[in-house]
């Protein structure tokens, strides 16, 4: 077990494989490998039981805390659409019932399409909508606005279809990397399709987080670590992540995690590429902030603090409200988010650990940062996070085995030609 924990190896058992007794290996370690979820293999039974208890408490708490602010518009009430004029006031916008953020992004794209330059009007336009312009990050990066102006609404719809097709194709191949994930490919693709379907909602076509989150799902799906002949996949993953970062700075944690994994694997060339992307983004963000600050005046009110400390509700509400889970009652939606995050630990190797750290990292950030009206931040992780639930039963079975709580099947009732170890392996794999 001294090998790289991020690399796939022979410990990923084939479906229905028979565990071999002895060989000087700990029984719990063999059982965990057979269950195909060895991220728990180094836990002692006591720590595994503590982890199970913590998971049970988290699932219970997630069913109790609210995932929507009282009085918010319900999903089945639909969205309020319609174009707005450049001279529209905040009072008129509020009276129309249309989402102010989407209306602003729509108007910005219209003005760019008419020949105006983003930084010539964006601060004044946000000020007219009573949107804060301090600090400078309250003003969005211009990438999506220019894309929307160049492509138009029909072009964005075509782009949304292309992005969904790209994500599903990439993950179709990723799930086929080994037999354990191949068995669950159909369900995983269905869940990913459901997660990405929100991209086709015309009302949200100009929402930065939705595009950035979809691009991160594409990047994760394309990436192949040190796989021969997959250099094009790695380049595609890099470019998708770079575009996501250019659209929304909230993609930075994904890029940083990619850099950290590459460095841990001692893939220095790749780590350097990810670090170079971070440096390029930092330079671009500095330029953006400088151009925004140029037009800020002392009378401009600062944004309300994003340090809201909403705890578990912050994490669950962001993911639920930014996904199709919003249609479910909170006592179902909340536990599904927790199960999806935990489930990534049921996939061995780099992908499972990366998926868990990505989902848990964004979740931890949402417990601290973000107000109720920043729920759309959850779209950064929601499209891909749900796929983790496919592996949740396997992760739970592995943790139960590691805690020495599993009931061993009686070999007397095993089918002819099998042994106790083989029966245990089949029970665990199912």
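The values are calculated or read from the model by the stated rules, or taken from the named source; none is laboratory data. Just so it is clear, the structure is predicted and the values come from calculations on it, not from any experiment. Every residue, glycine as well, gets a Cβ built from its backbone with ideal geometry; the counts of neighbours run over all protein chains shown.
Residues of the stretch 290-299 that are part of a loop (DSSP other than H, G, I, E, B) and surrounded by 15 or more Cβ atoms within 10 Å (Cβ to Cβ): 295, 296.
The rows are residues; the columns are (1) surrounded by 14 or more Cβ atoms within 10 Å (Cβ to Cβ); (2) modelled with pLDDT of 95 or more; (3) part of a helix (DSSP H, G or I).
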residue	(1), (2), (3)
132	yes, no, no
145	yes, yes, yes
149	yes, yes, yes
162	no, yes, yes
167	yes, yes, yes
172	yes, no, yes
180	yes, no, yes
195	yes, no, yes
198	yes, no, yes
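Residues in the stretch 363-385 that are in a helix (DSSP H, G or I) and crowded, with 24+ Cβ neighbours inside 10 Å: 366, 377, 378, 379, 380, 382, 383, 384, 385. Restricted to the stretch 243-289, and to residues there that are outside any helix (DSSP H, G or I) and modelled with pLDDT under 95, the residue that is surrounded by the fewest Cβ atoms within 10 Å (Cβ to Cβ) is 266. Quick one: how many residues across the stretch 327-359 are surrounded by fewer than 20 Cβ atoms within 10 Å (Cβ to Cβ) and over 20 Å from residue 397 (Cβ atoms)? Final tally of qualifying residues: 6. Pairs meeting the criteria (first residue in the stretch 217-232 and over 23 Å from residue 383 (Cβ atoms), second residue surrounded by 14 or more Cβ atoms within 10 Å (Cβ to Cβ) and modelled with pLDDT under 95, beta carbons under 8 Å, at least 6 apart or on different chains) are 226/265; 226/267; 227/233.
Given the structure, is residue 203 over 27 Å from residue 104 (Cβ atoms) and either over 19 Å from the mean Cα position of the chain (by Cα) or without any contact (Cβ under 8 Å) to a residue 40 or more places away in the chain (or both)?
No; evaluated as a whole, the condition is false for this residue.
Condition first: surrounded by fewer than 17 Cβ atoms within 10 Å (Cβ to Cβ) and part of a loop (DSSP other than H, G, I, E, B). Now tell me which residues in the stretch 134-143 satisfy that. The one that is surrounded by fewer than 17 Cβ atoms within 10 Å (Cβ to Cβ) and part of a loop (DSSP other than H, G, I, E, B): 135. Evaluated against (1) modelled with pLDDT of 95 or more; (2) under 19 Å from residue 216 (Cα atoms); (3) under 21 Å from the mean Cα position of the chain (by Cα), residue 323 falls short on exactly one condition, (1).
Residues in the stretch 207-221: is at least one over 21 Å from residue 324 (Cβ atoms), at pLDDT 95 or above and within 18 Å of the chain's Cα centre (by Cα)? Checking the stretch 207-221: at least one residue is over 21 Å from residue 324 (Cβ atoms), at pLDDT 95 or above and within 18 Å of the chain's Cα centre (by Cα). Being touching a residue at least 24 places away in the same chain (Cβ under 8 Å), touching a strand residue (DSSP E or B) at 6+ places or on another chain (Cβ under 9 Å) and either farther than 19 Å from residue 379 by Cα or surrounded by fewer than 24 Cβ atoms within 10 Å (Cβ to Cβ) (or both) is a description that does not apply to residue 313.
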